[in-house]
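K.L.:
Right, I'll just put the structure down here and ask away after.
The values are calculated or read from the model by the stated rules, or taken from the named source; none is laboratory data. Keep in mind it's a predicted model, so treat the numbers as computed, not measured. Positions of Cβ are backbone-derived with ideal geometry, glycine not excepted, and every protein chain shown enters the neighbour counts. Accessible surface areas use protein heavy atoms only, side chains included; no ligands, DNA or RNA. Shrake-Rupley method; radii C 1.70, N 1.55, O 1.52, S 1.80 Å.
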Amino acid sequence: MKRLRIVVLSSLFPNSVRKQSGLFVRERMFRVAEFADIEVISPVPWFPGQGLIRLFKPNYRPMPAKKEVQQGITVHFPRFLSIPKFFRKLDGTMMARAAYKVAKQLELQQTIDIIDSHFTYPDGLAATKVAQRLNKKVTITLRGTELTHSQDPEKLKLMLQAWQDADHMFCVANSLKQLAVSLGAQEDKFTVVGNGVDTHKFSALEPKNARRQMGIDEDAKVLITVGGLVRRKGFHRVIDCLPELLLSYPNLVYLIVGGASAEGNIEAELRAQVNSLDLEEHVKFLGSLPPNKLSAPLSSADLFVLSTANEGWANVILESMACGTPVIASDVGGNSEVINSDDVGEIVPFDDHPALFTSIKQGLNKEWDRQAIVNYAQQNHWDTRMAKIMEIYNNLVSLREH
């Protein structure tokens, strides 16, 4: 069987100025690169005069180079016109124009078999437009933004158009497939493939050793959350539980790992909340950490807490479990599909403070089998995902050839 050539289209992708952006997209597609030749197009929003905004907001829309080579794979960052707060319904069209110019050049160099996109809107919509112009097969991976976008009638119409025009869709969680089908998408176009975890990159350390490495008392109770510092991730809900928890665990420590993301940055707001509750000695802001630096903080924790408002399939859940740390997460998106046993964690209602507090307290008191949690994570290694993904790609190309 010939080696496929796949062009990945995703506006959320790591680059030199946003190193943590879209790591989960890169993780999957760079693993696909073991079986296929890939090149990435990651359109970047731009409009004339945005440099003036940076005089007041230095981190506003940082611009990467137009091309980078990452782990031997070329990543293109073409600019597309996107004016803040105005004409945003044109993002899919403008993104498609920018991506098409690059894809056309790539097609001239070597035939493209598949255009693989991530997030339905605007990326998936743009990918279907490019694929139609180049007469290529196209896939879309639904990753969780679809729920929010579906509440906007104009965006819903564009998403339905993208799903109709796509040849196949991947969903990182079954809940996303059910959402799309309920909105009118064609059910037999979907395959559910959850994100995997690299159990070599994320591995369990002895908790006492990990705490020593992190400068945390060995007998402390430790909570952790990893994610972009945005309100959706729910750090503030965990912080609200700390005063009550400290009554039972006076040496409690909460580790916050993360920084600014494309969605924003609420670090100042979180620090103000910590100060107002007099929790400065109990909350540690560790900033953004690369994946290979996360095993120590994750292994040091008694519980990973993700009180998030919206998720597709949160990679951090399996990453925590690979380090032997159980997870408490809100009942949204695919969280309950990952935490499918009380041996590895617990699902709690979203934005229910008493339920979250009770779950955390019970979790801190519970004797968890950390090795069993590691074993569960290992069953979800990326290697187990690749066969299904490549089967879909190869079937699409075979259909074209016949």
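K.L.:
At 222 nm, what value in deg cm²/dmol follows for the chain if DSSP H runs of at least 4 each add -39500 (n - 2.57) and the sum is divided by all its residues, to the nearest 500?
P.N.:
Helices in the chain give a 222 nm mean residue ellipticity of -12000 deg cm²/dmol.
K.L.:
Mind pulling the per residue volume of the convex hull built on the Cα atoms of the stretch 358-402? Å³ is fine.
P.N.:
With only Cα atoms used, the stretch 358-402 gives 81 Å³ per residue.
K.L.:
Distance from the Cα centre of the stretch 349-383 to that of the stretch 184-226, in angstrom?
P.N.:
Centre-to-centre (Cα) distance: 10 Å.
K.L.:
State in Å² the accessible area per residue of the chain; use a 1.4 Å probe, count heavy atoms of protein chains only, and round to the nearest integer.
P.N.:
Ligands and nucleic acids excluded, the result is 44 Å² per residue.
K.L.:
A follow-up question, please. Taking only the Cα atoms of the stretch 1-151, how large is their convex hull per residue, in Å³?
P.N.:
Here the figure is 122 Å³ per residue.
K.L.:
Based on the alpha carbons, how large is the Rg to Rh ratio for the stretch 324-377 when Rh follows Kirkwood?
P.N.:
Reported Rg/Rh (Cα atoms, Kirkwood Rh): 0.96.
K.L.:
While we're on this one: Using the C-alpha gyration tensor of the stretch 218-296, what are the square roots of 5 times its eigenvalues, in whole angstrom, with the largest one first?
P.N.:
Working through the eigenvalues yields semi-axes of 21, 16, 9 Å.
K.L.:
With Rg and the Kirkwood Rh both taken from Cα atoms, where does Rg over Rh land for the stretch 238-343?
P.N.:
0.95
K.L.:
In whole Å and largest first, what semi-axes does the C-alpha gyration tensor of the stretch 13-59 yield when each eigenvalue is scaled by 5 and square-rooted?
P.N.:
Its equivalent ellipsoid spans semi-axes of 30, 12, 6 Å.
K.L.:
If you roll a 1.4 angstrom probe over the protein chains with everything in place, what fraction of the accessible area of the stretch 328-388 belongs to carbon and sulfur, to the nearest %?
P.N.:
45 percent
K.L.:
Dimensions of the stretch 151-279 along principal axes (Cα, Å, largest first)?
P.N.:
Here the spans come out as 55, 37, 26 Å, largest first.
K.L.:
How large is ³J(HN,Hα), in whole Hz, for each residue of the stretch 149-159 in order, when computed from phi with the Karplus curve 6.51 cos²θ - 1.76 cosθ + 1.60 and θ = phi - 60°, using x for Gly and Pro?
P.N.:
The phi angles translate into 5, 5, 7, 9, x, 5, 5, 4, 4, 5, 5 Hz.
K.L.:
I'd like the Kirkwood hydrodynamic radius of the stretch 286-402, using the inverse of the mean 1/r over distinct C-alpha pairs, in Å.
P.N.:
15.7 Å
K.L.:
OK, next. In whole percent, and with a 1.4 Å probe on the protein chains, what portion of the accessible area of the stretch 139-178 is carbon and sulfur?
P.N.:
Summing carbon and sulfur atoms, their accessible area is 50 percent of the total for the stretch 139-178.
K.L.:
Run through all the Cα pairs of the stretch 145-191 and give the fraction in each 5 Å bin from 0, expressed as whole percent.
P.N.:
Calculated P(r), rounded to whole percents: 5, 23, 36, 26, 9, 0.
K.L.:
With just the Cα atoms of the stretch 50-132, tell me how far they stretch along each of the three principal axes, in Å, largest first.
P.N.:
Cα extents, longest axis first: 45, 31, 20 Å.
K.L.:
How many percent of the accessible area of the stretch 1-124 is carbon or sulfur, using a 1.4 Å probe?
P.N.:
58 percent
K.L.:
Let me make sure I get this right: for the stretch 168-243, a, b and c are the square roots of the gyration tensor eigenvalues over alpha carbons, sorted descending. Under 1.5 in a/c it's rounded, otherwise prolate if a/b > b/c, else oblate. Which is it?
P.N.:
The shape class here is oblate.
K.L.:
So what is the relative contact order for the stretch 106-243, in percent, with contacts set as C-alpha pairs under 8 Å and at least six apart?
P.N.:
Relative contact order of the stretch 106-243: 16 percent.
K.L.:
What do you get for Rg/Rh over the stretch 115-172 if you use C-alpha atoms and the Kirkwood form of Rh?
P.N.:
Reported Rg/Rh (Cα atoms, Kirkwood Rh): 0.95.
K.L.:
What is the P(r) of the stretch 292-359, as percent of Cα-Cα pairs per 5 Å bin from 0?
P.N.:
That works out to 4, 19, 30, 24, 17, 5, 1, in percent per bin.
K.L.:
Something else: Tell me, what HN-Hα J-couplings in whole Hz come from the Karplus equation 6.51 cos²θ - 1.76 cosθ + 1.60 at θ = phi - 60° for each residue of the stretch 214-225, using x for Gly and Pro?
P.N.:
Residue by residue, the stretch 214-225 yields 8, x, 10, 4, 4, 9, 6, 8, 10, 10, 8, 9 Hz.
K.L.:
Then there's this: Measuring from centroid to centroid over Cα atoms, what is the spacing of the stretch 242-258 and the stretch 33-84 in Å?
P.N.:
Their Cα centres are 39 Å away from one another.
K.L.:
Could you derive backbone 3J(HN,Hα) for the stretch 388-394 from the dihedral phi with the Karplus parameters 6.51, -1.76 and 1.60 (θ = phi - 60°), listing whole Hz in sequence and x where the residue is Gly or Pro?
P.N.:
5, 5, 5, 4, 4, 4, 5
K.L.:
At a Cα cut-off below 29 Å, give the lysines reachable from residue 189, other chains included and same-chain residues fewer than 8 away excluded.
P.N.:
List returned: 2, 89, 101, 104, 129, 136, 137, 155, 157, 177, 388.
K.L.:
For an R0 of 51 angstrom, estimate the FRET efficiency from the Cβ-Cβ distance between residue 209 and residue 178 and round to the nearest 0.05.
P.N.:
That gives a FRET efficiency of 0.75.
K.L.:
Determine, from the Cβ-Cβ distance of residue 390 and residue 133 and an R0 of 22 Å, the FRET efficiency 1/(1 + (r/R0)^6), rounded to the nearest 0.05.
P.N.:
0.30
K.L.:
Compare the peptides 17-27, 357-367 by average per-residue count of other Cβ atoms within 10 angstrom and give them in order, highest first.
P.N.:
Highest-to-lowest ranking by the protection proxy: 17-27, 357-367.
K.L.:
Here is a follow-up. Percent of Cα-Cα pairs more than 41 Å apart in the chain, please.
P.N.:
Beyond 41 Å sits 15 percent of the P(r) for the chain.
K.L.:
What number in nm² do you get for the stretch 278-320 if you take the convex hull of its Cα atoms and divide its surface by four?
P.N.:
4.2 nm²
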